[in-house]
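A short worksheet on the structure shown next.
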Amino acid sequence: MSDSIPVVGPNDTHVNPAAASQQVTIGAEPRRSTVLPRLQWNGQVPTATPGSRMRFEEIGPLGRGGMGEVVLARDHDIERTVAIKRLTGQDDLGLLMRFVDEIRIVGALEHPNIVPVHDVGVDEAGRYYFVMKHLRGESLEGIINRMKAGDVAAHQRFPFHVRVQIFLGVLNAMAYAHQQGFLHRDLKPANIMIGPYGEVTVMDWGLARHVGAAPDPSGAPSSPDTGSRTGTALQTHAGAVMGTPLYMSPEQARGEIDKLDVRSDCYSLAVVFHEFLYLTNYLADVSAIPDILKAVQTRVPDVFTMKSTPHQGAVPAELGWYVLKGLEKDPAKRFQTIAEMIEGLQKTIDGRVDVKCQRTFTKRMLQEAVHRVDAHPVAIILVSGVVLSFILAGLVNSFLTFF
């Protein structure tokens with residue numbers, strides 16, 4: 001969980017009075033003890049005693065956000081470390097509904113690039129919590145900061161072609177989430193974890209919502225039988241600004257919550273990829289939130305600079321064009337789906353560069369030449385031999401003439 005807290009407009013949520021009047025009673029669970037027996041050896045004979053230790057032993061904090069906190073804990077039943085996210089605002093019905101939605105959304109998204117939920121419960125203090133896989137590694141935010149500071153090891157580990165592969169992992173996770181009908185709405189480097197072996201995980205689904213989900217006009221809570229993951233008692237008004245401003249799409253920054261679709265997540269992903277490539281956010285020089293929300297509507301980053309930073313060379317031109325399409329202000333002009341983003345990125349991986357400028361034209365010509373060598377090796381070798389013989393003959397003739 002990132003320390004940054006998503007911005008929520010003053011009229012972000014409205015809880016129907018009928019729903020709010022329902023008292024949410026949270027009863028603390030009995031102390032959760034281990035279930036599995038403890039095995040001990042008495043000489044050569046094993047003995048088993050019933051589990052009696054507290055199952056989850058808190059080790060330390062991992063992060064805090066607007067809805068709750070995450071701590072590292074030891075699961076004494078399975079003997080592994082886990083991350084426990086618990087709700088801190090127990091009396092806020094709006095936060096509780098979002099917390100429940102996050103649990104059910106993440107629980108429904110079974111994908112290698114999305115953090116899984118292991119368990120849920122209520123602790124001794126009456127706080128709701130859920131148990132997740134403890135992700136080892138570093139957030140993409142931390143990696144970018146290290147690279148921006150000139151960390152040699154980070155630059156060696158993450159050259160451009162590796163960054164492309166990592167971003168492809170993020171796209172695969174979001175393609176699956178969109179296929180299941182969910183928008184993330186808070187995609188940013190802090191919510192992407194990179195493991196020690198290159199594992200990519202998208203996390204923090206606290207602002208996620210079902211695509212096209214419409215609140216119940218009555219505001220009544222959804223029936224337990226429906227299996228709804230949309231939190232119908234919690235209504236988000238049009239005009240509310242939800243998310244992290246630096247990574248919002250223009251329509252999200254305008255508070256057009258009811259109009260958001262997969263293209264909004266596509267825009268946020270393009271912002272993340274731009275920052276990963278260029279090591280700076282395209283709005284890094286804007287600090288006040290109202291100014292950021294305004295700049296999101298108009299600012300277009302310079303992706304065509306051929307200048308290299310002190311720590312890395314120029315970003316490949318084809319990746320600059322790719323990012324620029326993702327950052328189109330008009331949703332109709334940007335990538336329409338994650339599948340389209342994957343296809344465009346795969347083209348750059350395969351060397352199929354679209355001609356957009358002089359740099360991409362030069363690359364395309366060189367790639368065509370390489371392709372022809374692979375497709376017609378005998379003919380190319382013969383032609384190259386003939387051309388080389390003429391060049392050598394000319395050089396010899398010039399040498400003899402000179403003397």
With (1) modelled with pLDDT of 95 or more; (2) touching a strand residue (DSSP E or B) at 6+ places or on another chain (Cβ under 8 Å) as the list, and ALA175 as the residue in question, which single condition is left unmet? (2)
The strands (runs of 3 or more DSSP E) lying wholly within region 74-166 that contain at least 1 residues that are of a type in the set (Phe, Trp, Tyr) and either surrounded by fewer than 17 Cβ atoms within 10 Å (Cβ to Cβ) or in the same structural domain as TYR278 (by TED's automatic domain parsing) (or both) are 128-133
Inside region 330-345, can you point out the residues that are in a helix (DSSP H, G or I) and either in contact (Cβ under 8 Å) with a residue 24 or more places away in the chain or closer than 18 Å to ASP261 by Cβ (or both)? ILE338, ALA339, GLU340, MET341, ILE342, LEU345
Taking GLY150, is it at positive phi and in contact (Cβ under 8 Å) with a residue 60 or more places away in the chain? yes
Applying the selection to region 168-213, what residues are among the hydrophobic types (A, V, I, L, M, F, W, C), part of a helix (DSSP H, G or I) and closer than 17 Å to THR337 by Cα? LEU168, VAL170, LEU171, ALA173, MET174, ALA175, ALA177
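The values are calculated or read from the model by the stated rules, or taken from the named source; none is laboratory data. Since the model is a prediction, treat every value here as computed from it, not as a measurement. Heads up, the Cβs are rebuilt from the backbone with ideal geometry, glycines too, and the neighbour counts pull from every protein chain shown.
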